[in-house]
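The values are calculated or read from the model by the stated rules, or taken from the named source; none is laboratory data. What you see is a predicted model; the values in this text were computed from it and never measured. Heads up, the Cβs are rebuilt from the backbone with ideal geometry, glycines too, and the neighbour counts pull from every protein chain shown. Calculation scope for accessible area: heavy atoms of the full protein, side chains included, ligands and nucleic acids excluded. Shrake-Rupley method; radii C 1.70, N 1.55, O 1.52, S 1.80 Å.
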Amino acid sequence: MARRGYGEDGIYFDHTGDCRDSTHHRGCAGRWRGVVSLGFGPDGKRIRKKVSGKTRTEVKDKLRELHGELEAGVRTARSYTVQKAVADWLDDGLPGRTQKTIDTNRDGTVALCLP
């Protein structure tokens, strides 16, 4: 089995009990985990995104999907709130709607999002 290259994804089995099959982990309690390293934050810690699944194949599929999202630029900050998400949706998420529909949604959702 070849080693993974620098910056590539990692896939491993996370045990919650005793390992019964150290080669394939069939019958072992736990889940498969996948991680993607996104570099380092301002504090020097690695930034990692994680996925999990019942099978190794499921984790590979989820990692592929995560890479697609990352390449598309879908990345939210910790400070991204529901209020900001609603404001973004009202600004950009209503293409093809009439101005009356946009105004109605803006009036209704702004009242719900106020603290």
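In sequence order, what are the phi-derived ³J(HN,Hα) couplings for the range 83-98 according to the Karplus relation 6.51 cos²θ - 1.76 cosθ + 1.60 with θ = phi - 60°, rounded to whole Hz, with x for glycine and proline?
Rounded to whole hertz, the list is 4, 5, 5, 5, 4, 5, 5, 5, 6, 10, x, 10, x, x, 8, 6.
Through the Karplus equation 6.51 cos²θ - 1.76 cosθ + 1.60, θ set to phi - 60°, convert the phi angles of the range 40-56 into ³J(HN,Hα) values in whole Hz; use x for Gly and Pro.
10, x, x, 8, x, 7, 5, 9, 10, 9, 10, 10, 9, x, 6, 10, 5
What is the gain in length, in nm to one decimal, between PHE13 and GLN99 on full extension, counting 0.36 nm per residue of separation less the C-alpha to C-alpha distance?
25.8 nm
Accessible surface of TYR12 in the full protein assembly, 1.4 angstrom probe, to the nearest 10 Å²?
Answer for TYR12: close to 100 Å² accessible.
Using +1 at the C-beta of Lys and Arg and -1 at the C-beta of Asp and Glu, which of PRO42, THR104, ALA87 has the Cα lying farthest in the positive direction of the dipole of the range 1-107?
Of the options given, the answer is PRO42.
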